[in-house]
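Contents: one structure, followed by commentary.
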Amino acid sequence: MKTKEKKIFKKTVAAFTVFISLMLPLAGCSAKDQAQGPGASGGPGGPAQPSQPVFAVSTITVETGKMTDYLMLSGDMIAGSSVDVYSDTAGTITRRYVSIGAVVQKGQPIAEVDPSQPGMQYMASVVTAPISGIVSTLSGQVGMKIGLNSSIAVISGGGGLEIQLYVAERFIYQIRMGLPCEITLDAYPDDSFRGRISEISPVVDTSSRTMMIKVNVDNPGNKLKAGMFANVNIITEEKENVISVPENTILQLSNQQFVYTVVDDTTDSSAKIAKKIVVTTGLNVDGETEITNGLQAGDQIVARGQTSLTDGSRVNVIQ
């Protein structure tokens, strides 16, 4: 490029730069004036400012009802009174007079034991039932040699059925005589049976850190049998007319528990807002939490969507 052309190019660029620098402030003023003028956003006749956000929530109505706290355990069903049958002599069982499930009376023959040894003959000894009841176990078989400490049979008496349970040390404070129990079994999935604590061990097992208790079982229709496995709910506390809510509706912040209720907006009768209510809780059973202070029957509380709310948030109840 020639020297004269270079000078002309430089002058043109400089003039264009000056032109742009002068026009930019004017453009800014024009945009500002336009924004503040009639019809501009926020100006006279312009669109309204952005409204307060509205949160979609679902609610439930607070009601009163019965609340039951319980301790869930399981154990084997046993005869209320059972006695092992022993022979007075050691020898060989040569005869059995009963079978499992047989009803026997006290003094009735159970088995016959021959104490004879090679070279010595003795009269057979008859083993009799020490109590009246039902033969629940019969371990002695014909031809079996038994000693004086060998049980031939077990007779279950008429003391009903019991469930033997073991309570962990941390729950012992909840246990007391006579507490009602609800009993279910896999053998009768549609039935529920009742019982009460009838015996409490005075000591705690140092190896397992548990305490043994027994529950007497009502047995209508004689459906239940010794040896069945049972699930037992020990009713430790029952309350009537309790206000409770699902535990997932309760929020916590800085050791403060609270829920959100839905009330009318005092500044707009057509709107609803969330109101933060601090609550005091009590029992917690199966996902339901007792409210001892803060709510009353009929309150509408937020069940879903509460984590996005603050006190006074506008809400739209969708369910």
Is there a residue being outside the structural domain of Thr281 (by TED's automatic domain parsing) and under 30 Å from Ala90 (Cβ atoms) anywhere in region 215-233? yes
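Here is a yes/no grid of residues against (1) within 28 Å of Asn219 (Cβ to Cβ); (2) assigned by TED's automatic domain parsing to the domain that holds Gly221; (3) free of Cβ contacts under 8 Å to residues at least 24 places away in the same chain; (4) of a type outside the set (A, V, I, L, M):
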| position | (1), (2), (3), (4) |
| --- | --- |
| Gln121 | no, no, yes, yes |
| Gln141 | no, no, no, yes |
| Met144 | no, no, no, no |
| Leu148 | no, no, no, no |
| Glu169 | no, yes, no, yes |
| Ser198 | yes, yes, no, yes |
| Pro202 | yes, yes, yes, yes |
For the subset of region 292-319 comprising residues that are without any contact (Cβ under 8 Å) to a residue 60 or more places away in the chain and among the β-branched types (Val, Ile, Thr), which member is farthest from Glu238 (Cα to Cα)? Thr310
Region 159-185 - residue that is surrounded by fewer than 21 Cβ atoms within 10 Å (Cβ to Cβ) and charged (D, E, K, R) and, of those, nearest to Ile134 (Cα to Cα): Glu182
Name the strands (runs of 3 or more DSSP E) wholly inside region 61-111 in which the number of residues that are closer than 27 Å to Ile197 by Cα, within 36 Å of the chain's Cα centre (by Cα) and of a type outside the set (A, V, I, L, M, F, W, C) is 3 or more. 64-79
Consider region 126-143. How many of its residues are surrounded by 16 or more Cβ atoms within 10 Å (Cβ to Cβ) and touching a Ser or Thr at 6+ places or on another chain (Cβ under 9 Å)? 9
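Each row is one residue, and each column tells you yes or no for (1) of a type in the set (Asp, Glu); (2) surrounded by 14 or more Cβ atoms within 10 Å (Cβ to Cβ); (3) over 23 Å from the mean Cα position of the chain (by Cα); (4) farther than 27 Å from Ala187 by Cα.
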| position | (1), (2), (3), (4) |
| --- | --- |
| Pro202 | no, no, yes, yes |
| Phe229 | no, no, no, no |
| Pro246 | no, no, no, yes |
| Ile250 | no, yes, no, yes |
| Tyr260 | no, yes, yes, yes |
Of all strands (runs of 3 or more DSSP E) fully inside region 113-194, the set with 3 or more residues that are at pLDDT 90 or above is 125-128, 151-156, 161-168, 180-185
State which residue is nearest to Gly65 (Cα to Cα) when the search covers only region 263-274 and only residues that are hydrophobic (A, V, I, L, M, F, W, C) and surrounded by fewer than 18 Cβ atoms within 10 Å (Cβ to Cβ). Val263
Suppose the filter is touching a Leu at 6+ places or on another chain (Cβ under 9 Å) and either part of a loop (DSSP other than H, G, I, E, B) or modelled with pLDDT under 95 (or both); does Val57 pass it? yes
Subset of region 92-124 [on the phi > 0 side of the Ramachandran plot and touching a Lys or Arg at 6+ places or on another chain (Cβ under 9 Å)]: none
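The values are calculated or read from the model by the stated rules, or taken from the named source; none is laboratory data. This one's a predicted model, so the numbers in the text were calculated from it and none came from an experiment. Note that we place each Cβ from the backbone using ideal geometry, even for glycine, and neighbour counts take in every protein chain shown.
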